[in-house]
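**Q** Here it is: the structure, laid out below.
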Amino acid sequence: MPDDLYDRDILEWSERQAAALRDIASDEKHGDVDWPRVIEEIQGVGTAQLNDVRGIIRQAMMALLVIHLDWKNLARPDRILELACLLDDAGEQFTPSMKQRIDLNTMWHRLRERTIRNSSDDPRCRALPEHCPWTLEALLANDHDALLVALAGWPVAPATLTLS
């Protein structure tokens, strides 16, 4: 196992360590080690990191949606700052083995449905795209303008959209 795997991809590291410990536990002669819980704790380190990244991405999607639905307050620096920080955090904590485990379409579907349910009389909510307008790569690239353009379905950013 590469020496730096723990630093590069904690999820992958924790899964490999858990598998190695399962092998050791099957041959273990010492009954004083609670192998199932030790293995669960090691694997839980990576799972916790994955769940953190999922949560941060969900918050970033919510921030994008709030900005999109409230254009008149687009210039509010607190919203832009929050979005930028969330996307920075997601990018810093994301590891390659998480890619297949983050389902943006499910997150988007839930967020969209809740938004529509909470603002059923707002035609902008009902006009939200059915499928997630972003890829994971686009979110992690942290390009605010491109993310908002994708949500709005515009081919190019309007001149008033500069958020950087």
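Read-outs throughout are calculated quantities, based only on the coordinates presented, and are distinct from any laboratory measurement. This one's a predicted model, so the numbers in the text were calculated from it and none came from an experiment. Every residue, glycine among them, receives a Cβ derived from its backbone with ideal geometry; neighbour counts consider all protein chains shown.
**Q** Can you give me the C-alpha center-to-center distance between segment 79-119 and segment 38-72, rounded to a whole angstrom?
**A** What the calculation gives is 6 Å, centre to centre.
**Q** For segment 37-42, in order, what is each residue's ³J(HN,Hα) by Karplus, 6.51 cos²θ - 1.76 cosθ + 1.60 with θ = phi - 60°, in whole Hz (x at glycine and Pro)?
**A** So the Karplus estimates, Gly and Pro as x, are 6, 4, 5, 4, 5, 4 Hz.
**Q** Based on other C-beta atoms within 10 Å, arrange VAL149, VAL33 from fewest to most. Display every interim value, and only then the final one.
**A** On the way: VAL149 17, VAL33 12.
The most exposed by this proxy come first: VAL33, VAL149.
**Q** Sticking with this structure for a sec: Which ³J(HN,Hα) values, rounded to whole Hz and listed in residue order, are derived for segment 6-12 from phi using the Karplus coefficients 6.51, -1.76 and 1.60 in 6.51 cos²θ - 1.76 cosθ + 1.60 with θ = phi - 60°, glycine and proline given as x?
**A** 4, 6, 7, 7, 5, 5, 4
**Q** Step through the residues of segment 108-121 one at a time and calculate ³J(HN,Hα) from phi using the Karplus curve (6.51 cos²θ - 1.76 cosθ + 1.60, θ = phi - 60°), rounding each to whole Hz and writing x for Gly and Pro.
**A** 5, 4, 5, 5, 4, 4, 5, 5, 5, 4, 7, 9, 4, 8
**Q** Ok, one more. May I ask you to give the average projected area over all directions of the convex hull of the Cα atoms of segment 44-126, in nm² rounded to one decimal?
**A** Working: hull surface 24.6 nm².
That works out to 6.1 nm².
**Q** Shifting gears a bit: P(r) tail for the chain, what percent of Cα pairs lie past 27 Å? Can you show the working numbers first?
**A** On the way: 5185 of 13366 pairs.
More than 27 Å apart: 39 percent of the Cα pairs in the chain.
**Q** Then there is this: For segment 36-92, what D do you get in µm² per second when you plug the Kirkwood radius from alpha-carbon pairs into Stokes-Einstein at 4 °C and 1.567 mPa s?
**A** Numbers: Rh = 12.9 Å.
For the chosen part, D equals 101 µm²/s.
**Q** What whole-number value in cubic angstrom gives the convex hull volume per residue for the C-alpha atoms of segment 82-133?
**A** Working: hull volume 4.9 nm³, N = 52.
In segment 82-133, the Cα convex hull volume per residue is 95 Å³.
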